[in-house]
Amino acid sequence: MYMGIANCVERSPAILVKRPRHPGVIVAESVNDYGHDLQVNITHGSRFSGRLFAVVLKARVMLDGIGKMVEHNRIRLRTELSTALTKSAHSMRDLPFPLLFMAFSMDSDRAFFGWLRKPSNRSRRLENPEVKFALEWTSDTHVGVIREVEVWYGASEG
């Protein structure tokens, strides 16, 4: 299953697509039946860079199953989803790379995302943010996400 992060969501964020849209990533399914769902490997040209992050996927039939919109591009997550994501983050707290979540609304074809293990812009550490809100995934969100991960890895190597 290949979704979202490298497949720049256009018309339907939940549609399955197999060819990454971003030329600098390779998206692979997780090999485990637990934990994260996708692994996004960042490449430099045709070389694997060793830089990666993981994605946890969630889907709900209705937008209100994800939460309530508080701004045009920001949603307050339902308690049940927030709790499930927090538990997922806790179970993967030892991951040495960033972890993103994406929540898809099937009725509206919208996607929302947030960090479970956020790359810190102040240190080499991964932050564990509170999982209460998510931002809407747009056609260019992947560029910012990849840039944020790249900056974090650059600080980690420095």
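The values are calculated or read from the model by the stated rules, or taken from the named source; none is laboratory data. This is a predicted model, so every value here is computed, not measured. Cβ coordinates were reconstructed from backbone atoms using ideal geometry, including for glycine residues, and neighbour counts include every protein chain displayed.
Scanning region 59-96 for residues that are surrounded by fewer than 18 Cβ atoms within 10 Å (Cβ to Cβ) and β-branched (Val, Ile, Thr), we see that the one that is nearest to Gln39 (Cα to Cα) is Thr86.
Looking across region 23-64, the residues that are among the polar types (S, T, N, Q) and either in a strand (DSSP E or B) or within 17 Å of Pro119 (Cα to Cα) (or both) come down to Gln39, Asn41, Thr43, Ser49.
When Ser82, Ser91, Ser123 are screened for being at pLDDT below 90, among the polar types (S, T, N, Q) and more than 14 Å from the chain's Cα centre (by Cα), only Ser123 passes. Entry remark, region 89-127: residues being in contact with a strand residue (DSSP E or B) (Cβ under 7 Å, 6 or more places away or on another chain) and either assigned to a strand (DSSP E or B) or under 23 Å from Asn41 (Cβ atoms) (or both) number 25 in total. Filter region 107-118 down to the residues that are touching a helix residue (DSSP H, G or I) at 6+ places or on another chain (Cβ under 9 Å) and more than 23 Å from Tyr34 (Cβ to Cβ), then identify the one that is surrounded by the fewest Cβ atoms within 10 Å (Cβ to Cβ). Of everything passing the filter in region 107-118, Asp107 is surrounded by the fewest Cβ atoms within 10 Å (Cβ to Cβ).
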